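Note sheet for the following structure.
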Amino acid sequence: MEYYKGESDCFYDDDCAMMWLNEEQSIEDLRSDFFHEMGHFIDHSGKQGEGMPISFEKLQETQAHWLSIYLSMPRYIFEPIMNEHPNLHSLKDIFQMPEPLIKERIRIIRQQNTMHFQFLRRKAFEEESINHTLQKGKVYKTTIQVLKQLETQVGKENLSYEIKNLLRRDRW
């Protein structure tokens, strides 16, 4: 890595990379540039810009941007600290990254947590529905008939455990 007065850049091949970082910027911007250029090295091959369509170059820039957020603030490190220090300025001091990137990382983690919580809630609801509706005596006879027909058509081995168990209990 070299510091100089130009725009940050990275030259890399399959084995190594050389980064040039602009020394005339804040530590937060230096770190942001470092992780962005590392994102190019990790995720891309070849030299960007040489005969490359502009849309592909923009795609690589977007990919490097998102990868830099994940590299500079890994969830397993960032999330506990984020919960312990909810103040944005504290997080900026700890991670030494620009405020917009920290805000974006917080947004991503909160969104992932919300999606995960919704998934778990839906899964629990579905499991409860299956456990409730697939109990002997709580299933309509017509449903049993349809399930038996399904067993004949697709084969017993292709049925879920719950349905096999229900049909087995129904035969008692």
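Miscellaneous remarks
- Rh by Kirkwood over Cα pairs, then Stokes-Einstein D for segment 1-100 at 1.002 mPa s and 20 °C, µm²/s: 146 µm²/s
- Considering only 158, 97, 82, and ranking their Cα positions along the charge dipole of the chain that arises from unit charges at the beta-carbon of Lys, Arg, Asp and Glu, the one farthest toward the positive end is 158.
- Gain in span if fully extended, residue 4 to residue 116, counting 0.36 nm per residue against the direct Cα distance: 35.9 nm
- Remark: for residue pairs 58/92; 123/164; 92/123, the C-alpha separation exceeds 25 Å in 58/92; 92/123.
- Dipole magnitude of the chain about its Cα centre (Cβ charges: Lys, Arg +1; Asp, Glu -1), debye to nearest 20: 2340 debye
- Simple spin-label estimate for residue 146 and residue 126 gives 1.8 nm between the two label positions (7 Å along the Cα-to-Cβ direction from each Cα).
- The Cα trace of segment 86-125 gives Rg and Dmax of 13.9, 42 Å, the first to one decimal, the second as a whole number.
- Mean Kyte hydropathy of -1.0 or more with a Cα span along the axis of at least 30 Å, helices from DSSP in the chain: 99-133
- The value obtained for the chain, namely the Cα convex hull volume divided by the number of residues, is 215 Å³ per residue.
- Under 16 Å from residue 103, Cα to Cα: aspartates and glutamates that are on another chain or at least 8 residues apart: 28, 29, 79, 84, 93
- If you wrap segment 67-134 in the convex hull of its Cα atoms and look at it from every side, the mean projected area works out to 5.5 nm².
- Sorted peptide list for 61-69, 157-165, criterion being average Cβ within 10 angstrom, highest first: 61-69, 157-165
Only the coordinates and a few stated rules stand behind these numbers; no lab work does. As the structure is a prediction and not an experimental result, all values here were calculated from the model. Quick reminder, even Gly has a Cβ in these numbers, built from the backbone with ideal geometry, and neighbours come from all protein chains shown.
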